[in-house]
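Colleague: Please see the structure below; I have some questions.
The values are calculated or read from the model by the stated rules, or taken from the named source; none is laboratory data. All of these numbers come straight from a predicted model, not from anything done at the bench. Note that we place each Cβ from the backbone using ideal geometry, even for glycine, and neighbour counts take in every protein chain shown. To get the accessible areas, we keep the full protein, side chains included, count just its heavy atoms, and leave off ligands, DNA and RNA. Shrake-Rupley method; radii C 1.70, N 1.55, O 1.52, S 1.80 Å.
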Amino acid sequence: MFEHVVNKNISLRLTHVTDSEEVYKVIDSSREHLKKWLSWVDLVKSPRDCKYSAYKAMHQYASNNGFQCNVIYKDKIVGKIGLHGIEWSDKSTSIGYWLAEDYQGRGIMTSCCKSLLNMVFDNIKLNIVYIYVAEDNTKSRAIPERLNFKQHGLKKNAQILSGNYVNHIQYVMTRKDWNELNKV
Ligand SMILES: CC(C)(COP(=O)(O)OP(=O)(O)OC[C@H]1O[C@@H](n2cnc3c(N)ncnc32)[C@H](O)[C@@H]1OP(=O)(O)O)[C@@H](O)C(=O)NCCC(=O)NCCS
């Protein structure tokens, strides 16, 4: 189980089944905020559901197919970030993330994305990272835009949220662009 330090207040801890109770409490206390943009929230009905997701995440990591991390801010779990699997044929992946409502507005997720992208490009040596965001999700769109991702296209009716189809914007970052634009 790894824990990657982002800065003095933030770290990324590989998802483990032992964190499931705490993760459940965080999701449960931010349901309305999260379900606006994430279709899985209503499926999380008890800590057992978080345990099941954690086992899946542990299997994903063990299968060399990417990983999921809990976002730790000042020793508390406040969100998640991870890779939606790895396409080894073209060395690409996409990333997803969420934060508890009360921890927005401090730059936590932008810093986590930056660290994750450094890992993905430097350690795992992937070439392309995508982020798919609902067209109207301005807070989420601001993250790839802050990190100089290029807007690459629009996928119509990509997700159903609260019974309605929404379009996704596809953002893309290549290893070459990352090294030129964001490496410090
Ligand atoms: C998407 C989500 C993670 C964005 O959270 P966020 O707090 O806006 O993102 P960050 O943690 O990067 O913080 C950025 C905010 O902190 C501010 N900030 C403060 N210090 C900062 C710093 N050092 N660096 C960057 N931003 C900083 C920014 O100005 C911005 O605030 P603003 O929106 O008022 O301009 C969050 O809204 C969320 O979980 N939403 C629900 C789930 C979701 O949509 N997931 C994504 C699906 S694609």
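Colleague: Within region 45-88, find all residues whose amide N lies under 15 Å from a label point positioned 7 Å from the Cα of residue 17 along Cα-to-beta-carbon.
Modeller: Backbone N within reach: 47-62.
Colleague: Quote the FRET efficiency, to the nearest 0.05, computed for residue 150 versus residue 52 with a Förster distance R0 of 35 Å and r equal to the Cβ-Cβ distance. Mind dumping the intermediate values first?
Modeller: Details: r = 36 Å, r/R0 = 1.02.
Working from the Cβ atoms, E equals 0.45.
Colleague: On alpha carbon coordinates alone, what is the Rg over Rh value for the chain, Rh being the Kirkwood radius? Can you show the working numbers first?
Modeller: Numbers: Rg = 15.7 Å, Rh = 16.8 Å.
Using only Cα positions, Rg/Rh for the chain is 0.93.
Colleague: Just report the Cα centroid separation between region 46-95 and region 132-164, whole Å.
Modeller: Region 46-95 and region 132-164 have Cα centres spaced 20 Å from each other.
Colleague: Moving to a separate point now. Helix-only mean residue ellipticity at 222 nm, the chain, DSSP H runs n ≥ 4 weighted -39,500 (n - 2.57), per residue, nearest 500. What is it?
Modeller: Details: 6 runs with 58 residues, N = 184.
The helix-only estimate for the chain comes to -9000 deg cm²/dmol at 222 nm.
Colleague: When you count, for each residue, the other Cβ atoms within 10 Å and take the mean per peptide, how do 85-98, 165-178 rank with the highest first? Don't skip to the answer; put the middle values down first.
Modeller: Working: 85-98: 16.1, 165-178: 17.7.
So the order, starting with the most tightly packed, is 165-178, 85-98.
Colleague: OK, next. Residue 106 to residue 162: extension gain in nm, 0.36 nm per residue of separation minus the Cα-Cα distance? Please list the in-between numbers first.
Modeller: Details: separation 56, 0.36 × 56 = 20.16 nm, distance 2.78 nm.
That works out to 17.4 nm of additional length.
Colleague: Could you tell me the number of lysine pairs in region 51-118 with C-alpha atoms less than 19 Å from each other, where the two lysines are 8 or more residues apart or belong to different chains? Before the final figure, lay out the partial values.
Modeller: Details: 51/76; 51/80; 56/80; 74/114; 80/114; 91/114.
Lysine pairs meeting both conditions in region 51-118 amount to 6.
Colleague: Rounded to the nearest whole Å², what accessible area per residue is found for region 3-181 with the 1.4 Å probe? Mind showing how you got there, number by number?
Modeller: Numbers: 9700 Å² over 179 residues.
Result: 54 Å² per residue.
Colleague: Just the number, please: carbon plus sulfur as a percent of the accessible area of the chain, 1.4 Å probe, no ligands or DNA/RNA counted.
Modeller: Summing carbon and sulfur atoms, their accessible area is 49 percent of the total for the chain.
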